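K.L.:
Once you've had a glance at the structure underneath, I'll fire off some questions.
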Amino acid sequence: MLRLEAIPALKDNYIWALAKGRYCVVVDPGEAAPILSWMTARDLRLAAILITHHHGDHIGGVAGLLQHAPVPVYGPARERIACVDQPLVDGARLELAGIDASFEVLEVPGHTLGHLAYFGEGLLFCGDTLFACGCGRLFEGTPAQMHASLQRLARLPGDTRVCCTHEYTLSNISFALSVDPDNAALRERALREQAKRDRGLPTLPSTLDLELATNPFLRCHTPALRLAAEAHAGRPLKSEAEVLGVVREMKNHF
């Protein structure tokens, strides 16, 4: 049976680890030391590394890990990442023999232009595209690209566990409440997630059903989000992508 664990790293990152038997695979290792300590404590061997995009807090630990185990490094073919030796494109099927797991590769541009997500085994490793109650900044892509990417993820099964890579949940919820204040599911989520953090627990993984009910960036079709975005923009907005772009800009300055 696959075991999933979120390993804290850097300021607020999580490095996701999947283990089965004596082997493990890690996703977006921003630094090596926490993973090496985690593997040593469990007597695990690294089988592969998955990368979602090129930012340093997602790849900074790869070189250190490869010094201990020269394993395949999978990542986006559309981004220049020196450590990636197994470039992937949309629709690829990734078979991870060491942990007997299979993932579909999804291109989800917006945060970066070549950003990947990995979907399989009831899990979604989505990097900085979809956050718990949020989405990533549009550093390279457009609102239309991010909207399309998020809608693609929204069509996955509702019980999919969402494994993003930052503990941003409480701040994301605070913003979400400012643009969707009458959302009862969101208010309930705020209490649950605060209780987890009060106990020192991660708020992740989330589920896609929960995101669909509470995440403003998956709710740009609702009257509440459109009204909030149009009030901020001071003009009518013609599309859900425009709503997303305005709401993302509001979040940037929240």
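The values are calculated or read from the model by the stated rules, or taken from the named source; none is laboratory data. Quantities reported herein were computed from a predicted structural model and do not represent experimental measurements. All Cβ positions, even for glycine, are placed from backbone atoms using ideal geometry, and neighbour counts span all protein chains on display.
K.L.:
Scanning for something surrounded by fewer than 21 Cβ atoms within 10 Å (Cβ to Cβ) and closer than 22 Å to L4 by Cα, does segment 179-193 turn up at least one residue?
P.N.:
Scanning segment 179-193 turns up at least one residue that is surrounded by fewer than 21 Cβ atoms within 10 Å (Cβ to Cβ) and closer than 22 Å to L4 by Cα.
K.L.:
Would it be correct to say that V26 is under 26 Å from K11 (Cα atoms), assigned to a loop (DSSP other than H, G, I, E, B) and among the aliphatic types (A, V, I, L, M)?
P.N.:
It is false that V26 is under 26 Å from K11 (Cα atoms), assigned to a loop (DSSP other than H, G, I, E, B) and among the aliphatic types (A, V, I, L, M).
K.L.:
Do we have G75 as assigned to a strand (DSSP E or B), of a type outside the set (A, V, I, L, M) and either farther than 18 Å from C24 by Cβ or at pLDDT 95 or above (or both) here?
P.N.:
yes
K.L.:
When segment 43-65 is examined, which residues are found to be more than 19 Å from the chain's Cα centre (by Cα) and either among the acidic types (D, E) or surrounded by fewer than 17 Cβ atoms within 10 Å (Cβ to Cβ) (or both)?
P.N.:
Those that are more than 19 Å from the chain's Cα centre (by Cα) and either among the acidic types (D, E) or surrounded by fewer than 17 Cβ atoms within 10 Å (Cβ to Cβ) (or both): D43, R45, A63, G64.
K.L.:
In addition: Residues of segment 213-229 being under 22 Å from G141 (Cα atoms) and surrounded by fewer than 18 Cβ atoms within 10 Å (Cβ to Cβ), which ones?
P.N.:
Correct list: H221 only.
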